[in-house]
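Engineer: So that we are looking at the same thing, I have put the structure below in structure tokens.
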Amino acid sequence: MAEEKKLKAAKPVKEPKLADPVASSIDLATQIMIKRAQELGVETVFDRNVKMKPCNIGNQGTCCKNCAMGPCRLPLPKGGIEGEDERKGMCGATANTIAARNFIRMIAGGAAAHSDHGRSVAEVFMSAARKETDAYKIKDTNKLLSIAPYLEVATTVEVDGETQDRDIDEIALEVAEKALNEWGKAEDELLYPKRAPKALYEKWKKAGVLPRNIDREIVEIMHRTHIGVDQDYKNLMKQGARAAIADGWGGSMLATDLQDVLFGTPYPLQSEANLGIMKEDHVNIIVHGHEPVLSEMIVAMAQKPEIIEYAKSKGAKGIQLGGICCTANEILQRHGVPVAGTFLQQELAIITGACDAMVVDIQCIFQNVANVAKCFHTKLITTHPIAKMEQDNVIHIEFDEHHALEDAEKIVRMGIDNFQNRGSEVMIPKQKATQIAGFGVESIKYHLGGTFRGDYFTLNDNIINGRIRGIGAVVGCNNARTRHNEAHIQVVKELLKNDVIVLTTGCNGIACAMEGLLTPESAAVYCGPGLSEVCETVGIPPVLHCGSCVDNSRLLLAATEVVKAGGLGDDICDVPAAGSAPEWMSEKAISIGQYVVSSGIYTVFGATFPTSGAPVFHNYLCKEMEKIYGGMWDYEPDPIKHAQLMIAHIDKKRKALGIDKARERVLMDMADRQALEA
Ligand code: XCC
Ligand code: SF4
């Protein structure tokens, strides 16, 4: 016995489990930096992924902790359910009820995040309209005039029987009032859903899902999912859809529109992406999060000659700004500021040892960046009153639109002052790719619009004649449970190969940028003959980066423009289009997925799906929902099958429109032509 004990005690200490860099990401810069982190003994999300397994019951969506009699856990039995599903929680809640409650609480979380972001922008917009701040101005008056009618704000006035243009400041003020009112008005319904095609609006009306105001729909989810309230998954999902519509056609759309008015509507511009954008001899300031309100000021500050001089006085050659997540997408699309990386690269940016300041606002910020920053000289600065961190190395500089420029200056100077504190451990990977970003409803109109006919006529025409098979909207996060960027890139490439043009936002946009897919040249390499020809003629990349998470609202409006241009049905659900989030992880992704589905678009998610433990409810989302909205969910973790499901749906829609034959003709022509040329 004693011997045995001794033997046991002598057992070597277990090495900590570490991630395999190549298995963790398809991106070389990421692989290099994961390895680097491990050499330095700094833990990243990739290591935590191998150390901690996700909970199997939570994963199935069937763990309820909505009251203190639980948590009640209802995993799916190994062999599935035979006969009646008798699983129930303490109160009797079924697996369907539990999964549906959890699902719509995710929608509430996501819709709240997007919409609260929108509210902040609306508040800044109000300050600008009232001229209470020097930092923010109404920059894009064309955009202001274009959105005013949707908020029921007149752009003209009658003076002595004559129609005249109304004063811009007056319009801005009324737009601000009307917009802010959307979050909490006591009567009526949300205004923006009327921008949808009429058939869709009527569908929502009939289904009883027209949102009343943004906040109310989110609050009602919290009420309905409290113990003992709504216990019918269909009725729960009705509210889930309503809150999601209030996000996509409400909070998010307002965020996008008001940001465009304040900071300018994006137009295509060139930039770069990946960690290689950081520069060893420059002060590197990384902005991370979602709201452009502060980062816009930082961009302005970092360009000021006296600030650049100050950086030089500290021994740096200049200031290099870079972005992570959607703050990156915001300042990329308006200023061409390069993107340092995706959601999963946030820790790695600090591990370069060259990040002098990381400035974060809201959403998608790992608390672990504080632990990583502790191992380096990096100043980690939180800026938002609702988003602080407990670690004591985190600096909080609360940002306020009334002293925005002062705050931005303080932050940038802090980064500059920190340049000299760098250790010897600087290692920036070289990888970066060129990208063209900054697409949106307006620029697609410009590039693919017709000169004589409707705005989106050229795009529609090419879909009708079959050169473009359809539209794929591929968006969303990275998820450390899957190989970084692999599904994003495989799904997108499979779509391109099959002549499906891709619109992207969020971290998929960043993944595509890193892979070089956001360049016109990539069309000839990756696209089928039809799409490649269109891209070449028009001079656009085959993947159009349309911005941040809230900018998924741009995709809804682009789809609406396609319907308006004619020839592809009279509702969004008629258009040969499909949505996808191959590596989703956030609650916002679920809210986005639901408003896209409720807008009539078939939407496939990868990674995992939080309803697998409740097959009846899952089936409701994936099949029954089509009867209500024309769109439905699907789940497929294999990227190629995932893309093929989207293509099959696109073909189904082409057939319903009677344009399936056109494509065969185009391909035949093209093959003939190629044979002739050869
Ligand atoms: Fe966050 Fe918007 Fe997801 Fe990326 S994509 S991980 S939500 S940053 Ni919207
Ligand atoms: Fe369990 Fe019902 Fe309470 Fe949920 S609400 S924890 S299912 S008793």
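Engineer: Go through the range 503-529 and count every residue that is crowded, with 22+ Cβ neighbours inside 10 Å, of a type outside the set (Ser, Thr, Tyr) and either away from ligand 1 (no atom under 13 Å from the Cβ) or on the phi < 0 side of the Ramachandran plot (or both).
Structural biologist: 14
Engineer: In the range 280-298, which residue that is farther than 27 Å from residue 586 by Cα and in a loop (DSSP other than H, G, I, E, B) is farthest from ligand 1 (Cβ to nearest atom)?
Structural biologist: 281
Engineer: Examine the range 27-46 for a residue that is within 12 Å of ligand 2 (Cβ to nearest atom) and either surrounded by fewer than 19 Cβ atoms within 10 Å (Cβ to Cβ) or aromatic (Phe, Trp, Tyr) (or both), and state whether such a residue exists. Spell out the reasoning first.
Structural biologist: From the range 27-46, those within 12 Å of ligand 2 (Cβ to nearest atom) are none; that's our starting set.
No - not one qualifying residue is present in the range 27-46.
Engineer: A further question follows. Scan the range 151-163 and report the pairs whose first residue is free of Cβ contacts under 8 Å to residues at least 24 places away in the same chain and whose second residue is among the basic types (Lys, Arg) and surrounded by 11 or more Cβ atoms within 10 Å (Cβ to Cβ), with Cβ atoms within less than 9 Å and a gap of 6+ or a chain change.
Structural biologist: 154/166; 155/166; 156/166; 157/166
Engineer: Moving to a separate point now. Failed condition for residue 489, given (1) at pLDDT 95 or above; (2) more than 20 Å from residue 602 (Cβ to Cβ); (3) among the β-branched types (Val, Ile, Thr); (4) touching a strand residue (DSSP E or B) at 6+ places or on another chain (Cβ under 9 Å), with all others met?
Structural biologist: If we test residue 489 against (1) at pLDDT 95 or above; (2) more than 20 Å from residue 602 (Cβ to Cβ); (3) among the β-branched types (Val, Ile, Thr); (4) touching a strand residue (DSSP E or B) at 6+ places or on another chain (Cβ under 9 Å), just (4) comes out false.
Engineer: Oh, and also: Kindly provide the set of residues from the range 495-548 that are small (Gly, Ala, Ser) and under 14 Å from residue 459 (Cα atoms), ordered by number.
Structural biologist: Initially, the range 495-548 is screened for residues small (Gly, Ala, Ser), giving 506, 509, 511, 513, 516, 522-524, 528, 530, 532, 539, 547-548.
Correct list: 530, 532, 539.
So that you can scan it fast, the table gives a plain yes or no per residue for (1) without any contact (Cβ under 8 Å) to a residue 12 or more places away in the chain; (2) outside any loop (DSSP other than H, G, I, E, B); (3) surrounded by fewer than 24 Cβ atoms within 10 Å (Cβ to Cβ):
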{"residue": "392", "(1), (2), (3)": "yes, no, yes"}
{"residue": "395", "(1), (2), (3)": "no, yes, yes"}
{"residue": "403", "(1), (2), (3)": "yes, yes, yes"}
{"residue": "407", "(1), (2), (3)": "no, yes, yes"}
{"residue": "419", "(1), (2), (3)": "no, yes, yes"}
{"residue": "426", "(1), (2), (3)": "no, no, yes"}
{"residue": "455", "(1), (2), (3)": "no, no, yes"}
{"residue": "461", "(1), (2), (3)": "no, yes, yes"}
{"residue": "491", "(1), (2), (3)": "no, yes, no"}
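Engineer: Tell me yes or no: at least one residue of the range 103-122 is more than 16 Å from ligand 1 (Cβ to nearest atom) and not in a helix (DSSP H, G or I). Steps first, please.
Structural biologist: Start the filter on the range 103-122 by keeping residues that are more than 16 Å from ligand 1 (Cβ to nearest atom), which leaves 103-105, 119, 122.
Right, trim to not in a helix (DSSP H, G or I) and you get none.
No; the residues of the range 103-122 include none that is more than 16 Å from ligand 1 (Cβ to nearest atom) and not in a helix (DSSP H, G or I).
Engineer: Search the range 465-480 for residues that are within 8 Å of ligand 1 (Cβ to nearest atom) and pair each with any residue that is in a loop (DSSP other than H, G, I, E, B) and β-branched (Val, Ile, Thr) when their beta-carbon atoms are under 9 Å apart and the residues are at least 6 apart or on different chains.
Structural biologist: Pairs that qualify, where the first residue is within 8 Å of ligand 1 (Cβ to nearest atom) and the partner is in a loop (DSSP other than H, G, I, E, B) and β-branched (Val, Ile, Thr), are 475/505; 476/505; 477/342; 478/342.
Engineer: Does at least one position in the range 363-384 carry a residue that is within 23 Å of residue 504 (Cα to Cα) and away from ligand 1 (no atom under 16 Å from the Cβ)?
Structural biologist: no
Engineer: Looking at (1) crowded, with 24+ Cβ neighbours inside 10 Å; (2) touching a residue at least 40 places away in the same chain (Cβ under 8 Å); (3) more than 16 Å from ligand 2 (Cβ to nearest atom), which is the only condition residue 233 fails?
Structural biologist: (3)
The values are calculated or read from the model by the stated rules, or taken from the named source; none is laboratory data. All figures in this text were calculated on a predicted structure; none of them were measured in a lab. A quick note on method: Cβ atoms are made from the backbone with ideal geometry, for glycine too, and the neighbour counts reach across all protein chains shown.
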